[in-house]
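What follows is a short report on a single structure.
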Amino acid sequence: MFRQNNTSNTVMSEDKFWESKTLQQMSHHEWESLCDGCGLCCLVKIEDEDTGEIFNTTVSCRQLDTQSCRCRDYKNRLADVPMCIQITLDNLPQLNWLPDSCAYKLLYEGEPLPSWHPLLTGNNHTVHDAGVSAKWFAQSEEYIHPEQLVEFIVFPEK
Ligand code: SF4
Ligand code: SF4
């Protein structure tokens with residue numbers, strides 16, 4: 001499980017900085033506003049000890065509000081949750097478990113933002129309406145025994 005931001009993206013951005021700037025050139029606020037709030041990076045992951053392969057589950061970090069898909073304590077997340085990882089320019093290339101819809105991954109790979117992205121729609125809910133958020137299936141780890149986690153693995157489509 002990892003990280004998302006709590007920046008409000010409700011104002012549609014006029015200048016489309018994500019098209020005119022590289023990730024390296026973005027301000028902190030611009031970088032944070034790229035997060036669409038899908039919550040998918042806050043799903044608990046399981047690593048295969050033998051192969052190192054990482055599997056997603058449908059279980060979400062205890063700090064994720066599964067209705068809004070926002071972190072309940074974004075400011076202190078890294079101290080509160082040891083497994084929470086901050087996405088940075090340095091680690092982005094290694095985070096291959098990020099969903100294909102993640103704006104950081106898309107821009108890093110030279111792809112445009114999807115039409116439902118809050119920066120384009122001016123509406124935080126469009127990520128949920130598009131069906132690409134954890135809102136529709138996430139179950140908080142508060143209610144799952146750690147030994148049951150393996151039952152919630154989502155295997156990638158072949
Ligand atoms: S997967 Fe990417 S866009 Fe979605 S919440 Fe995480 S950082 Fe934000
Ligand atoms: S602490 Fe917050 S940002 Fe980090 S994984 Fe949990 S819900 Fe996501």
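In table form, for the structure just shown:
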| item | result |
| --- | --- |
| Meets criteria (under 23 Å from residue 153 (Cα atoms) and in contact with a His (Cβ under 7 Å, 6 or more places away or on another chain)) for residue 105 | no |
| Residue match in the range 84-106 (condition: more than 11 Å from ligand 1 (Cβ to nearest atom), at pLDDT 95 or above, of a type in the set (Phe, Trp, Tyr) and touching a helix residue (DSSP H, G or I) at 6+ places or on another chain (Cβ under 8 Å)) | no |
| Unmet requirement for residue 65, which otherwise passes all of (1) surrounded by fewer than 19 Cβ atoms within 10 Å (Cβ to Cβ); (2) at pLDDT 95 or above; (3) closer than 21 Å to residue 109 by Cβ | (3) |
| Filter result (closer than 17 Å to residue 118 by Cβ, touching a residue at least 60 places away in the same chain (Cβ under 8 Å) and near ligand 2 (Cβ under 10 Å from one of its atoms)) within the range 43-86 | 69, 70, 71, 74 |
| Output for the range 136-148, where each listed residue is of a type outside the set (Asp, Glu), within 17 Å of the chain's Cα centre (by Cα) and outside any loop (DSSP other than H, G, I, E, B) | 136, 139, 140 |
| All positions within the range 1-49 that are modelled with pLDDT under 85 and over 30 Å from residue 150 (Cα atoms) | 7, 8, 9, 10, 11, 12, 13, 14 |
| Scan of the range 101-155 for residues that are over 23 Å from residue 89 (Cβ atoms) and free of Cβ contacts under 8 Å to residues at least 12 places away in the same chain, ordered by number | 115, 125, 126, 131, 136, 143, 145, 146, 147, 148, 151 |
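The values are calculated or read from the model by the stated rules, or taken from the named source; none is laboratory data. Please read these numbers as outputs of a predicted model, since none were measured by experiment. Using ideal geometry, Cβ is built from the backbone for each residue, glycine included, and neighbour counts are taken over all protein chains shown.
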